[in-house]
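The values are calculated or read from the model by the stated rules, or taken from the named source; none is laboratory data. Here the structure is a predicted model, which means the values were calculated and not measured. Cβ placement follows ideal geometry from the backbone for every residue including glycine, while neighbour counts extend to all protein chains displayed.
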Amino acid sequence: MLAGVPVGVVWWLLAPLPQVVKRSDGIYRAGEGDESSVAADGWFALTTLVAGVLVALVVYLRTRPGRLGPLLGLVVGGVLGSVVAWRTGAMLGPDSLVSTAAGLKVGARFEGPLDLSAYGVLLAWPLGAVITYFAVAAGAEVTADEPDLEPFSPVDPAEPSEPH
């Protein structure tokens, strides 16, 4: 959950802030084809996915594999970490659109606060963590289950073989 704060800062640094315009009847997003909200969602998904992978690796290496507790912790912590990252990134933007726009002329453009438009990206962190945890656990299990094999010694064709 505490990892959500630096993830939120990284998201705020990477994602483009939406452009907002002050009009006589209120404050609106500038342009109909503004892609900044989609980019913000994409950057959030990417940063939280990387955080989920890193946290899962740390948890796997520090706990005993095959336990349900670490997995549940990754899910709950991932959701909480995503929410903390989201709110941290949103808080780093302008304090208030109304107070920012108060001293501007009508038609003036300025940067608005960073926000999510697709709340499903809040699940990127726990999904990345769970998938990574299972992948690492499965990989470790496969290598642990391999039988000890004797070294291969090829038959020399020059030696006569024994009849059967």
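Taking only pairs six or more apart or across chains, which ones have beta-carbon atoms under 7 Å, a first residue in the range 46-65 that is more than 21 Å from LEU122 (Cα to Cα) and at pLDDT below 95, and a second residue that is hydroxyl-bearing (Ser, Thr, Tyr) and surrounded by 19 or more Cβ atoms within 10 Å (Cβ to Cβ)?
From residues that are more than 21 Å from LEU122 (Cα to Cα) and at pLDDT below 95, the pairs are TYR60/TYR133.
Have a look at GLY73, GLY77, GLY81 and point out the one that is touching a residue at least 12 places away in the same chain (Cβ under 8 Å), part of a helix (DSSP H, G or I), touching a Gly at 6+ places or on another chain (Cβ under 6 Å) and not aromatic (Phe, Trp, Tyr).
After applying the criteria, what remains is GLY81.
Within the range 104-118, can you find the residues that are assigned to a loop (DSSP other than H, G, I, E, B) and either among the hydrophobic types (A, V, I, L, M, F, W, C) or at positive phi (or both)?
Matches in the range 104-118: LEU104, VAL106, GLY107, ALA108, LEU114, LEU116, ALA118.
State all residues of the range 88-121 that are out of contact with any Ser or Thr (no Cβ under 6 Å at 6 or more places or on another chain), more than 17 Å from LEU14 (Cβ to Cβ) and not hydrophobic (A, V, I, L, M, F, W, C); if no residue qualifies, say none.
ASP95, SER96, SER99, THR100, GLY103, LYS105, GLY107, ARG109, TYR119, GLY120
Working only within the range 86-103, note down all residues that are surrounded by 15 or more Cβ atoms within 10 Å (Cβ to Cβ) and part of a helix (DSSP H, G or I).
Selection gives TRP86, THR88, GLY89, ALA90, LEU97, THR100, ALA101.
Does TYR133 satisfy the criteria of being modelled with pLDDT of 90 or more and loosely packed, with under 15 Cβ neighbours inside 10 Å?
Here the answer is no, as TYR133 does not meet what is asked.
Condition check: β-branched (Val, Ile, Thr), modelled with pLDDT under 85 and over 30 Å from ALA135 (Cβ atoms). Does VAL98 satisfy that?
yes
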